[in-house]
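FYI, it's all coordinate maths here, none of it is from the lab. Everything numeric in this text was worked out from a predicted model, so none of it was measured. Positions of Cβ are backbone-derived with ideal geometry, glycine not excepted, and every protein chain shown enters the neighbour counts.
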């Protein structure tokens, strides 16, 4: 991504590495986060999900402070699959999920998490 592209983002995005659950039509898929912002998450899913599919997201933001549970925050929200592309030979799918209706409290928690990690990394 060029610098110009990153400047067009409405919210900062950071690399992320934690598990989350994506629920589609009652089926829970365990995913791995790749990056996160207030507007959405990029993750790897074990199966393909069609774009424009509505899903439920459940994730626990890792701690950002020195204490083992300091800053840990559970986020539950709805998402919409924007993109789902196969990656690698093992049937994994890189999936972009947009958060259309993130609550203010959840949005602030993600903002704090992103700002806490931003100084240490750049995408």
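Results, tabulated for the structure shown:
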quantity	calculated
Within region 71-102: backbone nitrogen closer than 15 Å to the residue 56 label point (7 Å, Cα to C-beta)	75-80
FRET efficiency, residue 105 to residue 10 (Cβ-Cβ, R0 22 Å, nearest 0.05)	0.70
Distance between modelled label sites at residue 19 and residue 44, nm, 7 Å Cα→Cβ extension	1.5 nm
Efficiency of FRET from Cβ geometry, residue 87 and residue 115, R₀ 41 Å, rounded to 0.05	0.90
